[in-house]
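J.: Have a look at the structure that comes next, please.
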Amino acid sequence: MLNSAICCGCEACRSVCPKDCISMKADKEGFVYPQVNLSRCIDCKLCEKVCPALHPVSSTTVPSIYAGINNDMNIRLQSSSGGIFTLIAEHILQENGVVFGACFDEQWNVVHRYTETKEGLSRFRGSKYVQSYIGDSFLQAKRFLDEGRKVLFSGTPCQIAGLKNFLRKPYRNLLTVDVVCHGVPSPKVWQQYLHESVCKAYHIRQVSSFSLVDKIVNISFRSKEKGWKTYRVRIEYQNGKKDSMPAAKNIYIQAFLSNLSLRPSCYVCPAKLHYIQSDITLSDFWGIDRFHPEIDDDKGCSLLLVHNVHVLSLLKSLNCQLQEQKLDEAIAFNPSIIHSVKRPVNRNFFYMILDKTNLAFSYKASTSSALLMRIIRKIYRQL
């Protein structure tokens, strides 16, 4: 089987299996990995052939770089950055197409779904800093493509690489959009964070068991209530309480940005700039206030890396402002475009104590410079 240190969990192997003998199972950290029922396996090797970790596809294409802003202020404010994804998606839907993206399910897990309506796009707007479950999305996308319908598929770079490998041939009616990815946190860490947040909001004991369906109304990882650059994590509860905190002070985001909660493969990502297979890469254009302050109004600005010249005419026809930029400016405050993050030396320690304590203590114990915590971590690493 594939080394778990490089498996990105894209589910291409499960999706392509002709005998349906591969299932995805979560490990103790909460990340899913393929498991093969050997009694049904016919050893066709298709699962290995479509794996983007085993078969990364390099590209010599130099992307065109743009700053982009949706002219619809309402959509822009609902979006994480400049609202460009919604414009692209609306164009596909107007041509009887289908749009795939990441959204929350009833239990606030992040999953991939599709929509055929403009109203359905609202679920896809906004960043979700959790690894999404692909489920049957690759199979569904292939069915729509084979029917001749246009498909927009959005996801992380490794998910797009997985989709392209799974399809095994190019489709002219497929448009792919990925995002600049820092890495994907564990769904288990996300659910623990939500559980602890609900317990605090409802004054429930931490050991309690309950469903999140009737406790949470809305979640935004990137609320712009105080501005785009000072975005906040916002949770609204059924009991009327609202929790809004600067992302820099939110314990879940702190664990994410310190790289403690990321999937192992994120430290050796197979889908950075020269291995990106999407048509368009979207991100926040961090640093736009320094390079081009005349564009910045702190409402959000998208960064577009256009890898397919054939989609430029589409982008220029949309109801948005586009301004060509330089690659070095795009990378300056977005290093994740080209580099994988480093694996923290205390990452395994973080997951070990997470099961025994809460998220805040696990994070602080893993990052504290206090002498006692340094000694404890050193002893653990030597075990």
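All of the numbers you see were taken from the coordinates with simple rules; none came from a lab. Only a predicted model underlies this, so the values are computations on that prediction, with no experimental measurement involved. All Cβ positions, even for glycine, are placed from backbone atoms using ideal geometry, and neighbour counts span all protein chains on display.
J.: Please list, or write none, the aspartates and glutamates whose alpha carbon is within less than 17 Å of the alpha carbon of LYS241, excluding same-chain residues fewer than 8 places away.
T.: GLU196, ASP214, GLU225
J.: Under 20 Å between alpha carbons: how many lysine pairs meet that in the range 299-383, if sequence neighbours fewer than 8 apart on the same chain are excluded?
T.: Working: LYS316/LYS326; LYS342/LYS364; LYS342/LYS378; LYS356/LYS364; LYS356/LYS378; LYS364/LYS378.
Value for the range 299-383: 6.
J.: While we're here: For the range 221-233, what does the Karplus curve 6.51 cos²θ - 1.76 cosθ + 1.60, with θ = phi - 60°, yield as ³J(HN,Hα) per residue in whole Hz, taken in order and with x for Gly and Pro?
T.: 6, 9, 5, 9, 4, 10, x, 6, 6, 10, 4, 10, 8
J.: Take the alpha-carbon centre of the range 15-57, take the same for the range 283-343, and report the distance between them in whole Å.
T.: Result: 35 Å between the Cα centres.
J.: Would you list VAL268, VAL130, VAL233 from fewest to most Cβ contacts within 10 Å? Walk me through the intermediate numbers first.
T.: On the way: VAL268 12, VAL130 26, VAL233 23.
Least to most surrounded, the residues fall as VAL268, VAL233, VAL130.
J.: Given the options LEU167, LEU303, LEU260, state which has the largest fluctuation in a GNM of the chain using a 10 Å cut-off (strictly under) for Cα springs.
T.: Its mean-square fluctuation being the largest, the pick is LEU167.
J.: Please work out the FRET efficiency for the pair GLN191 and ASP27, using the Cβ-Cβ distance as r and a Förster radius of 22 Å; give the result to the nearest 0.05. Intermediate values should be presented prior to the final figure.
T.: Details: r = 15 Å, r/R0 = 0.66.
Between GLN191 and ASP27 the formula returns 0.90.
J.: Taking amide H positions as placed in the peptide plane 1.01 Å from N, state which residues far from GLN325 in sequence (5 or more) or on other chains have amide H under 5 Å from it.
T.: Those lying under 5 Å, H to H, from GLN325 are ILE65, TYR66, ALA67.
J.: Arranged by the count of other C-beta atoms within 10 angstrom, fewest first, what order do LYS45, LYS299 take? Let's see the in-between values first.
T.: Details: LYS45 8, LYS299 17.
The fewest-first ordering by Cβ neighbours comes to LYS45, LYS299.
J.: Quick one: if the Förster radius is 25 Å, what FRET efficiency do MET245 and ILE379 give, using the C-beta to C-beta distance and rounding to 0.05? It would help to have the intermediate numbers written out before the result.
T.: Details: r = 33 Å, r/R0 = 1.34.
Computed FRET efficiency for MET245 and ILE379 comes out at 0.15.
J.: Out of [x] 206; [y] 139; [z] 158, which label holds the value of volume of the Cα convex hull per residue in Å³ that was computed here?
T.: Recomputing volume of the Cα convex hull per residue in Å³ here picks out [z].
J.: Please go through the residue pairs LYS25/LYS118; LYS28/LYS142; LYS19/LYS164 and name each one whose alpha carbons sit more than 24 Å apart in this structure. Intermediate results must be reported in sequence, preceding the final value.
T.: Values: LYS25/LYS118 34 Å; LYS28/LYS142 32 Å; LYS19/LYS164 21 Å.
Checking Cα-Cα distances, LYS25/LYS118; LYS28/LYS142 exceed 24 Å.
J.: Taking only the C-alpha atoms, wrap a convex hull around the range 1-72 and report its volume per residue in Å³ as a whole number. Show your work: numbers first, answer last.
T.: Numbers: hull volume 13.0 nm³, N = 72.
Dividing the Cα hull volume of the range 1-72 by its residue count gives 180 Å³.
J.: Another question about this same structure. LYS45: which aspartates and glutamates have alpha carbons under 16 Å from its alpha carbon, excluding same-chain residues fewer than 8 sequence positions away?
T.: GLU11, ASP20
J.: Convex hull over the Cα atoms of the range 30-167, averaged projected area in nm²?
T.: Values: hull surface 44.3 nm².
So the Cα hull casts an average projection of 11.1 nm².
J.: Taking loop as defined by DSSP and a crowding limit of 12 other beta carbons within 10 Å, which trypsin sites (Lys or Arg not before Pro) in the range 107-215 fit?
T.: On the way: sites: ARG113, LYS118, ARG123, ARG125, LYS128, LYS142, ARG143, ARG149, LYS150, LYS164, ARG168, ARG172, LYS188, LYS200, ARG205, LYS215; in loops: LYS118, ARG125, LYS128, ARG149, LYS150, ARG168, ARG172, ARG205, LYS215.
Passing sites in the range 107-215 are ARG168, ARG172, ARG205.
J.: Which whole-Hz ³J(HN,Hα) couplings does the range 29-39 yield from phi under the Karplus relation 6.51 cos²θ - 1.76 cosθ + 1.60, θ = phi - 60°, glycine and proline marked x?
T.: My calculation for the range 29-39 gives 8, x, 8, 8, 9, x, 10, 9, 7, 5, 5 Hz in order.
J.: I've got another one for you. With 10 angstrom as the radius, rank CYS13, CYS266, CYS199 by how many other C-beta atoms surround their C-beta, starting from the fewest.
T.: CYS199, CYS266, CYS13
J.: Next question. For the chain, what is the mean residue ellipticity at 222 nm derived from helices alone (per DSSP H run of n ≥ 4: -39500 (n - 2.57); sum divided by total residues; nearest 500 deg cm²/dmol)?
T.: Values: 14 runs with 114 residues, N = 383.
Counting only the DSSP helices, I get -8000 deg cm²/dmol.
J.: I've got another one for you. Could you give each residue of the range 208-218 its phi-based ³J(HN,Hα) in whole Hz, using Karplus coefficients 6.51, -1.76, 1.60 with θ = phi - 60°, and x for Gly or Pro?
T.: 5, 10, 7, 8, 7, 4, 9, 10, 10, 9, 7
J.: Compute the Rg/Rh shape ratio of the range 197-352: radius of gyration over Kirkwood radius, all on alpha-carbon atoms. If you can, show how the numbers build up before the last one.
T.: Details: Rg = 19.4 Å, Rh = 18.8 Å.
We get a ratio of 1.03 for the range 197-352.
J.: Roughly what % antiparallel, to the nearest 5, for the DSSP beta bridges in the range 173-316? Can you show the working numbers first?
T.: Values: 16 of 19 bridges.
Counting DSSP beta bridges with both partners in the range 173-316, the antiparallel share is about 85 percent.
J.: A follow-up question, please. Taking 0.36 nm per intervening residue step and subtracting the Cα-Cα distance, what contour gain separates ARG290 from CYS44 on full extension? Show your work: numbers first, answer last.
T.: On the way: separation 246, 0.36 × 246 = 88.56 nm, distance 5.33 nm.
Full-extension gain reported as 83.2 nm.
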